[in-house]
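For reference, the structure discussed in these notes is given below.
The values are calculated or read from the model by the stated rules, or taken from the named source; none is laboratory data. Only a predicted model underlies this, so the values are computations on that prediction, with no experimental measurement involved. Positions of Cβ are generated from backbone atoms using ideal geometry, with glycine treated the same way; all protein chains shown enter the neighbour counts. Areas reflect the complete protein model, heavy atoms only, side chains present, ligands, DNA and RNA absent. Shrake-Rupley method; radii C 1.70, N 1.55, O 1.52, S 1.80 Å.
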Amino acid sequence: MPTTTIARTQCRQHLRRKSPWLAALAFLVLSRIATRPDPEAARIIGNAISLVNAQSATTFTVPFAAAALGFRSIIGERESGTARILLSTRTTRPRLILGMVLGRGTALLVPILTATVLVVGHDILRYGQFSPLLFLAFLALSTVYVFAWTGLTIGLSAVTSSTTRAAILGTTVTLGFVLWKGLTLPTLWQFTTGFVPGRELAHPEAFEVARWLSPTHAFVVLTNWLFGVPIGPDVAVTGVADALRQSAVFAPTPPPVSWWWALGFLLAWPALALAGGITIFQRGDLAPRSRAGPFRRLIDAASFLPQAGGRQFNRLPEWSRAADSLPGSWQPLARREFRRLARSPIVWLVGGLVFVGAFLSLPQPTHVQDALGSRVPLAALQTPLYLIGGFGVLFGTFRAVIRERDTGTIRSTAGTAISRTETLVGFTLGRAAAFAVPLVLAAAFTCFAAVPRYGVVPLDTLAVFLAYTLLFLVAIAAIGVSLSTIFRSQTAAGFVILAYAFVHITWLQISNTLYGALSGTAVSGFSPPTNPLYLVARWLPPLQLPFVVTNAIIGVPNSAAPATSVLGDLQPNVSSNLIVVRLQYGADVPVWYLHPFVALIAVLLWALVPFAVAVALHRRRNIE
């Protein structure tokens, strides 16, 4: 089968589905909530002003849309067995991967270019300025950007050996590159050099070049060069505004290297991913998981973990005997899910990443040390524990019920005395417990590693912190199991998680737009309105709420930002779009619905509402 035939088939199949057109819808929404330039910035940008909203939307929409379309491209064909059928023709494995890139890339390119034309047309009417040559060049760069991200995600799909691993790897790489200059690069820089990037930065030119390494920021650099604005990893509006703030006269800082470097960075990542994917795909078997990896073999050899079968299967830990005394028949299923997931690499990888992230966050400025003292380790744990841990639990649960349906084992489960409601309870509690073990260990190791510098964490505070963490893990596991029950397809459930990651990153802009639409008043994070209801919109995502609760546990002023950022906001001459309730409204709890206990209830509602929907659907649907 020729490569063009595979590409045509893939393109037609995906253009008939919802995912590419949902990406176009997200593109349109994001273009409307993008930051608008002030008159001086619009004058400097000139004829490119009608393209700046499309630049922002393209930059952030394409990575997540490409990940959604490509994370199961190769591994999905292997798991379903269709890869054997395709490769039984004259198609080779490299041609199969190339056909996937061309087909799925074209399927994403069509809605993205369509949305770009609509956005640019609207902005031409608004600003009255347009350059056809700039527009065509921007479409060409957008095309390169779409195929670069598609090649990157499909290359990663060819490397992995299961859908779960493909979803984890795809989302991790996507988030890592999208958050490159704000989170990923500073963390890597601190890990390699031992210094936190700041005003007094060693090797500043190398750091500036490193900010271009991400394909997302490389695309921004290229489009900024095209628009004739300051060349850098910030979108055009932000780059011009920053240059205007630095001096009264517009004098942007020259780039550290030529813009051609950005083109090389943009093309290098998909080339490396495809080269690695083709190499591994050619050497491996078509059937996924045909042999255990080294990490799994290490776990299988570990004597402290209960075996999935044999005599040790019936040797229950003491805590499981206490669980047997609880009402219901969900305990055997929960134990099975705990053993199954506790022996997989994902939970220990998540626990290891949380520990590394928290350990790297232990060095804190003097004002944080003075305010928190021995509680600094808990502040260092907040972001890794609730972001890495939260997404890790979602990835560890979004296939729970779908996989049972696909393999047919759900028939055996349904044939026991356990009801369908108790089935979902067992999935939730068993998988949450599997993640709780490495995450609690990561928290304990972090606190132990901090003893020489900060002393012992107060045990009562630590106990409350860990108790809430366990509740949070159960809530996120309930959301993941609910998604696995509501959606019948692994692709659909994975797409929802990727869409949530996209929403979480852009929630500041979305919440501002949402509040502005409901109140009729335009707002920004730097100038929040006097109405405390604005914070309800800011706090809404389930991975934002834990910061509100744990800030109260640690003893930090009320905010949905991490404790270290809150304490930084309290310093003089600091401007930030992170809102500390005390600074904006004069008290930590100006109204009852901004109390941290309400945030605790909101986390439970995020779990209970989709879980109730999942239970209702699971009772009515055919078991298969």
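Structure above, values below:
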item: Shape of the stretch 358-478, Cα gyration tensor, a/c cut at 1.5; result: prolate
item: Span-rule helices in the chain, defined as complete DSSP H runs reaching 24 Å or more along the axis (Cα) with Kyte mean at least 0.0; result: 52-70, 93-127, 132-159, 260-283, 420-449, 459-486, 596-620
item: Nearest-10 value in Å² for the accessible area of Y534, using the 1.4 Å probe; result: 0
item: Neighbour net charge for G182 - beta-carbon separation under 11 angstrom, K R +1, D E -1; result: +1
item: The chain, accessible area per residue, ligands and nucleic acids excluded (1.4 Å, Å²); result: 44
item: Helical mean residue ellipticity (222 nm; -39500 (n - 2.57) per DSSP H run of 4+; nearest 500) of the chain; result: -22000 deg cm²/dmol
item: Pairwise label distance in nanometres, T35 with N531, each label 7 Å out on the Cα-Cβ vector; result: 2.5
item: Relative contact order (%) - the chain, alpha-carbon pairs under 8 angstrom, separation at least six; result: 13
item: Mean Cβ count within 10 Å, highest first, over the residues of peptides 151-157, 594-600; result: 151-157, 594-600
item: Carbon/sulfur fraction of accessible area - the stretch 530-624, other protein chains in place, 1.4 Å, %; result: 62
item: Exposed-loop-free span, longest in the chain, where trypsin sites (Lys or Arg not before Pro) count as exposed if DSSP calls them loop and at most 16 other C-beta atoms lie within 10 Å; result: 316-487
item: H217 - accessible surface, heavy atoms, 1.4 Å probe, Å² rounded to 10; result: 10
item: V117 accessible area, assembled protein chains, probe 1.4 Å, Å²; result: 80
item: Percent carbon-and-sulfur accessible area, the stretch 371-509, ignoring ligands, DNA and RNA, probe 1.4 Å; result: 71
